[in-house]
């Protein structure tokens, strides 16, 4: 069976760190030749062009209106309108509320925009998507992506009052934010620590955990060790260009 794959385009938390990029991922189902750009933080459009032919892009998913998760969409619109000959337009976009009014460019003929909310579902190519609102303002949608070979769950941004279990208990790969370490935890926090991400993945019975959205000032090994202490499966730290398959 052809695999479902995830390639990290960027994984820095809240803003792009030195030489890095903010949140963005390429999800592919090779059996159905489906390609989805999931979150489009600054720096991810450049990376996307290294890993995919934009003419084969089937859809875009944007988790919420904080600019570190969508701002490169404006660059894509400019490229699609003026410098690239793409025959797959308009491209379907599944986006949380609040993003479209903030765009700098007209999307007519480029993007087919649909606003999504908690509990919504959709199909893009051969993949089934379902959305869950997380513990993060403004309205932020975690997403479950299901293909013939497996299931990927993405937390987007979330505080600890939301659980990966909201995306199901059969996640082959859980891509979960772990923005900082335990000493940054506080009541009402809108992000998770490595410790909290590990516990959330364990409670959801995910098979594998990949940590993302780490602040660049936080050592990767510190977040990784916290998550490993709370999760019995394999844990990895996301890195730009790294790929995973399920």
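The values are calculated or read from the model by the stated rules, or taken from the named source; none is laboratory data. These numbers come from a predicted model, not from an experiment. Positions of Cβ are generated from backbone atoms using ideal geometry, with glycine treated the same way; all protein chains shown enter the neighbour counts.
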Practice prompt. Count, please, the residues in segment 158-185 that happen to be in contact with a strand residue (DSSP E or B) (Cβ under 8 Å, 6 or more places away or on another chain), part of a loop (DSSP other than H, G, I, E, B) and either free of Cβ contacts under 8 Å to residues at least 40 places away in the same chain or surrounded by 24 or more Cβ atoms within 10 Å (Cβ to Cβ) (or both).
Written response: 8
Worksheet item: Would you say residue 160 is more than 14 Å from the chain's Cα centre (by Cα), within 23 Å of residue 93 (Cα to Cα) and at pLDDT 95 or above?
Response: no
Worksheet item: Among (1) closer than 13 Å to residue 62 by Cα; (2) surrounded by fewer than 23 Cβ atoms within 10 Å (Cβ to Cβ); (3) in contact with a helix residue (DSSP H, G or I) (Cβ under 9 Å, 6 or more places away or on another chain), where does residue 98 come up short?
Response: (3)
Discussion item. I'd like to check something: does segment 186-193 contain any residue that is at pLDDT 95 or above and either closer than 25 Å to residue 127 by Cβ or in a helix (DSSP H, G or I) (or both)?
Written reply: no
Worksheet item: Of 32, 23, 14, 2, which residue is in contact with a helix residue (DSSP H, G or I) (Cβ under 9 Å, 6 or more places away or on another chain) and surrounded by fewer than 24 Cβ atoms within 10 Å (Cβ to Cβ)?
Response: 14
Discussion item. What's the number of the only condition in (1) farther than 26 Å from residue 36 by Cβ; (2) in a helix (DSSP H, G or I); (3) in contact (Cβ under 8 Å) with a residue 12 or more places away in the chain that residue 218 fails to meet?
Written reply: (2)
Practice prompt. Would you be able to say whether some residue in segment 74-85 is free of Cβ contacts under 8 Å to residues at least 60 places away in the same chain, assigned to a strand (DSSP E or B) and under 15 Å from residue 55 (Cα atoms)?
Written response: no
Fill in: Unique match (being in contact with a strand residue (DSSP E or B) (Cβ under 9 Å, 6 or more places away or on another chain), within 21 Å of residue 138 (Cα to Cα) and at pLDDT 95 or above) among 201, 197, 227
197
Item to complete: Residues that are over 10 Å from the mean Cα position of the chain (by Cα), within 23 Å of residue 101 (Cα to Cα) and at pLDDT 95 or above: find the strands (runs of 3 or more DSSP E) completely inside segment 1-65 holding 2 or more of those.
Response: 59-62
